[in-house]
Amino acid sequence: MTTLRLYNTLTRQKEDFAPLDPDNVRLYVCGPTVYDYAHIGNARPVIVFDVLYRLLRHVYGADHVTYVRNITDIDDKINARAAEVAAAKNVSVEAARAEITAATAKQYLDDVTALGCLPPTHTPRATEYVKQMVAMIGKLVADGHAYPAEGHVLFDVSSKPDYGKLARRSLDEMLAGARVEVAPYKKNPMDFVLWKPSDDLTPGWESPWGRGRPGWHIECSAMGEALLGETFDIHGGGIDLMFPHHENEIAQSESAHHDHQLAKVWMHNGFLQVEGEKMSKSLGNFVTINELLKDWRGDVVRFNMLKTHYRQPIDWTSQGLVESFNTLANWFRTFSLSSEMSQPIADSVLEALSDDLNTPKMIAELHVLYRDGKHELLASTLKALGFSGDIEDPKIAVGSEGAIAIEQQIAARTAARKAKNFAESDRIRDELLAKGIVLKDGPNGTTWEVKR
Ligand code: AMP
Ligand code: ZN
C-alpha cells in the first residue's frame, strides 16, 4: 500500500503521514454553529473529511480511528436568533435557544447523512463541555497566558512568542487583516476573548470571573482535549478558519499543555462559490443542503463535490450537477450497489486518495474501471467511498437521456433567440416548463432546474 501523504498547512508542504498511535488515529474537524440550515459550502468540509475518515479507517482499521466533529451550540449568532424567536413566539429566550439548536443540529445530521457521511465517533456539543472550558481558562490565567478584565477573560498573545505560526503572519499583518474588536480592557488589540459576561437574557454559566459564556475558540480547544488528548494527528476545517480560529486554538491549547503541539497536521478545504459568485443571502444564490437534496440525491451532490480537489476553490453549478447525475445514472444502469457487498477499494483509487486526497484523479480512475468493465470492483469501491447507488427520485427522474434532451432543447432555444425568433424560443421554454423544467438565463448561458 502506498504511503498516505497529506498537505500540512502548518509546514505548507505535502508530508508522509505517520500517526502518533496507529491503534488510535485521531482527527478533529470544526463543526457547524447551529442556528440556521447548513449551506452547500458547509457541506464541503463534511464530505472531504468523511473521505479522509473512510481512508484512515481502511488503512488503520475501522476501530483504530477516532473522529470528533463538534457542534457549536454556544454562539452569539444563536443568541441573536433566539432573542428574535422568543419575541415573535412569546416564549423564553432559553426555550427558543434550546429549540433552535436542537432542531438545527438534527437537521444538520440528517442532511450530512443523506450526503453519505458516516457519523463521527464523537459529536460533542459545546454546552456539555463548559466545565472543561472554565478549567482550561483557569489554567491559562494561572500560568500568565490570560488575564481577567471587566468580566471578560482575554488571551494575552504576547505570552505566546510563536503566535501566528499557522497563518504565518506577523502581529502587524494580523492587525491589518483581521477585523479585531478594539476594546479598552484589552492589553493588545490582538488579544482574544476566552470568556465574556452574560446578561440575564443571554445564556451563562457560573465561573470564577462571574456569570458568563465561553468564546468560540476555547470551545474547540476544550472539546479536542477532552476527547482526543493534548496532541492529536489531524485538525481540519475550511480555509476561512485558519485565522483567527485555528491560530487561537493552537495558542490556547499549546499554552495550557506546556507547548505540546496541538495537532501534527492541519488540513484546510478551499472555498465553494455558486455559479461563479460568492454565495451570499443578498445575492440570492444561497443554496442550503436541504434544498439541494430536494432536487438531487446525496450521491449526486457528493460526486459533484469530489470532482474538485479539496484545496482548490470549487465553482458549484447546476451544469456540474447535471453532468454528475449523468455519470452516475449511466453507471447505475449497468450495475447496482447492495448493502451486503464486501467493500474492497480499487488499488488505483487508493493510490489517488493517498496522494493528499486527490479526488479528481480518483474519479478518473473510477471512469477507467467502468471503461474496463470492472463493474464489481467499481461498485464495491463506490460503496466504500460512501455512495448508496440510489440516485433516482420522482422529482428528478429526468434520467440521463432526459438531461441530454433538455440540453438539446436549450441549444435550440438559444439558436432561436440568436435569430430573434422569440415565438419559437418562448415556445421551447414553455414546453419545458410544462414538464417541470425551469430555465435560468445567466451570463454564462442557460441552465435548468427541476421546479420545486
Ligand atoms: P461555520 O458554521 O460558518 O463555522 O462553517 C462550518 C464549516 O464550513 C467550516 O469548516 C467552514 O470553513 C466551512 N465553510 C463555510 N463556508 C464555506 C464555503 N463557502 N466553502 C467551503 N467551506 C465553507
Ligand atoms: Zn474549531
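The values are calculated or read from the model by the stated rules, or taken from the named source; none is laboratory data. Bear in mind the structure is a predicted one, so any value in this text is a computation, not a measurement. We place every Cβ from the backbone using ideal geometry, glycine too, and count neighbours over all the protein chains shown.
Tallying residues that are under 24 Å from Gly298 (Cβ atoms), surrounded by 18 or more Cβ atoms within 10 Å (Cβ to Cβ), of a type in the set (A, V, I, L, M) and out of contact with any Leu (no Cβ under 6 Å at 6 or more places or on another chain) within segment 110-150 yields 2. Report yes if Ala256 is of a type in the set (A, V, I, L, M, F, W, C), surrounded by fewer than 22 Cβ atoms within 10 Å (Cβ to Cβ), at pLDDT 95 or above and away from ligand 2 (no atom under 11 Å from the Cβ), otherwise no. So Ala256 does not fit the description; no. Just one of the listed residues (Ser324, Ser280) is in a helix (DSSP H, G or I) and surrounded by fewer than 23 Cβ atoms within 10 Å (Cβ to Cβ), namely Ser324. Among all positions in segment 302-313, there is no residue which is polar (S, T, N, Q), farther than 24 Å from Lys383 by Cβ, more than 15 Å from the chain's Cα centre (by Cα) and surrounded by fewer than 21 Cβ atoms within 10 Å (Cβ to Cβ). Scanning segment 188-231 for residues that are hydroxyl-bearing (Ser, Thr, Tyr), in a loop (DSSP other than H, G, I, E, B) and farther than 14 Å from Asp75 by Cα yields Ser207, Thr231. Only one of the numbered conditions (1) on the phi < 0 side of the Ramachandran plot; (2) more than 16 Å from ligand 2 (Cβ to nearest atom) is violated by Pro214, and that is (2). The set of residues from segment 152-167 being assigned to a loop (DSSP other than H, G, I, E, B), loosely packed, with under 15 Cβ neighbours inside 10 Å and not charged (D, E, K, R) comprises just one member, Pro161. Among all residues of segment 245-261, there is at least one that is within 17 Å of the chain's Cα centre (by Cα), outside any loop (DSSP other than H, G, I, E, B), over 17 Å from Tyr67 (Cα atoms) and within 13 Å of ligand 1 (Cβ to nearest atom). Looking only at segment 184-201, decide whether some residue is in contact with a His (Cβ under 9 Å, 6 or more places away or on another chain), at negative phi and acidic (Asp, Glu). Within segment 184-201, not a single residue is in contact with a His (Cβ under 9 Å, 6 or more places away or on another chain), at negative phi and acidic (Asp, Glu).
Residues in segment 390-414 that are basic (Lys, Arg), surrounded by 16 or more Cβ atoms within 10 Å (Cβ to Cβ) and at pLDDT below 60: 0 in all.
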